[in-house]
Amino acid sequence: MSMHIANGRWVVWLSFLVAMLFQIMPLPDLVEPWRPDWLLLVIIYWAMALPHRYNILSAWILGVLLDIMLGAHLGIRALSISLVVYVVVLHFQRLRNFPMWQQALMISSLICLHHLVIFWVQFVVGTATFDVSLFLPAISSLIIWPWVFWILRRIRRLYKVR
């Protein structure tokens, strides 16, 4: 049984690694503002699916790793991702029961919260100016959430992640 649990954890952390690679993958300048928040989408999925196992601590660790990889101020994304995952874990039963379109809207609003927290901290530090393109990742994440949900659910069922 311990090998089964270890395999499940390996699959989840591999999905976090793939999402982190998608997050830092270079894109053309035209598409860059529309980049979905891959890591946040994957963390939200696992926090909804297994809130007892992947919660604020794993979100904070992944946020710090993302800050290091992006060369940003240390802790900004860790704070915002942890805040979003806190909301998800707090309401995971309600989010699970929403229809897909409503779930996607809620995820999009949580991604807006994520970007607003990042903007707020950067504004306090003095390195940010407000731009409408701040909300473009929320729109693209809204569109791809059903596919991310479907793929990760298939992976969770295939590898029996619990």
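Summary of computed values
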read-out: Cα-based helix-to-principal-axis angle, 38-49 vs the chain, degrees rounded to 10; value: 40
read-out: Cβ-based charge dipole, segment 1-80, positive-most Cα from N55, I68, V18; value: N55
read-out: Listed candidates (i) 17.6, 57; (ii) 15.5, 52; (iii) 21.4, 60 - label of the one calculated as Rg and Dmax of the Cα atoms in Å; value: (ii)
read-out: Label point 7 Å beyond Cα of H52 along Cβ direction - residues of segment 89-110 with amide nitrogen under 19 Å; value: 89-97
read-out: Full-extension gain in nm, V132 to E32, via 0.36 nm per residue minus C-alpha separation; value: 34.6 nm
read-out: Per-residue Cβ neighbour rank within 10 angstrom, fewest leading, H115, H91; value: H91, H115
read-out: Crossing angle, helix 2-24 versus the chain [Cα axis fit, 0-90 degrees, rounded to tens]; value: 20
read-out: Taking S133, S58, S141 and counting other C-beta atoms within 10 Å, the order from fewest to most; value: S133, S58, S141
read-out: Helix 100-125 axis, angle to the chain major axis (alpha carbon atoms, nearest 10°); value: 40
read-out: Inter-label distance for S109 and V11, nm, one decimal - labels placed 7 Å from Cα along Cα-to-Cβ; value: 3.2
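Where a number appears in this text, it was derived from the coordinates with a stated rule and is not lab data. All figures in this text were calculated on a predicted structure; none of them were measured in a lab. All Cβ positions, even for glycine, are placed from backbone atoms using ideal geometry, and neighbour counts span all protein chains on display.
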